[in-house]
Amino acid sequence: MPRLLIIDDDANLCRLLSENFTDLKYEVVTANNGAEGLETARTSPPDAVILDIDMPGLNGYEVCARLRAKPETKKVPILMLTGTTNLSSAMKGLAAGANDFLTKPFDVDEVAARLSVLLSSAG
C-alpha cells in the first residue's frame, strides 16, 4: 500500500483527496502546512507527495526544495497543486524539484492517474 503525504492548508481539499486515495488503497497522511509536512516526511518518508504551492509560512516551492535536499525524500515523486494558472508557477515548481504540476480546480481522477504514473516511474 503506497504511503501518500498530502500537504495543503485547505482542510476540505485534504479531506477530499484523502477520502479518494484511501478508496484507491493508499495509506494517506495529511499536513496542514509546510513545516508539518516536512516533519511528517522526516519521521515517516512517504512514497509520494501531493503539495500545494500557496501556504502560509513555508510555501510549496520551499517545501519541495527541502524535500529534494534530504536523502530520505530526494527521489520521492512530488505532484504540485496550485490555484495559479500562469506558466511561471509551473516552471518554478519544476525547478524546485516537482515531478508534475496541476492547477486547481482539478479532476480527482486525473490526480490519481498522474500519481500512479509517477509512482510506477519511481519504482
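Quick rundown of the values:
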| read-out | value |
| --- | --- |
| Qualifying strands (runs of 3 or more DSSP E) (wholly inside segment 1-111; at least 1 residues being surrounded by fewer than 17 Cβ atoms within 10 Å (Cβ to Cβ)) | 3-7, 27-31, 100-103 |
| Selection within segment 1-39 - among the β-branched types (V, I, T), more than 19 Å from A122 (Cβ to Cβ) and in contact (Cβ under 8 Å) with a residue 24 or more places away in the chain | T30 |
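For (1) of a type in the set (D, E); (2) modelled with pLDDT under 95; (3) within 12 Å of the chain's Cα centre (by Cα); (4) closer than 17 Å to N12 by Cα, each residue gets a yes or a no:
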site	(1), (2), (3), (4)
A31	no, no, yes, yes
L38	no, no, yes, no
V49	no, no, yes, no
P56	no, yes, no, yes
T82	no, yes, yes, yes
S120	no, yes, no, no
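The values are calculated or read from the model by the stated rules, or taken from the named source; none is laboratory data. It should be emphasised that the depicted structure is a prediction, and the values quoted were computed from it without experimental measurement. Ideal geometry is used to build each Cβ from the backbone, glycine not excepted, and the neighbour counts take in all protein chains shown.
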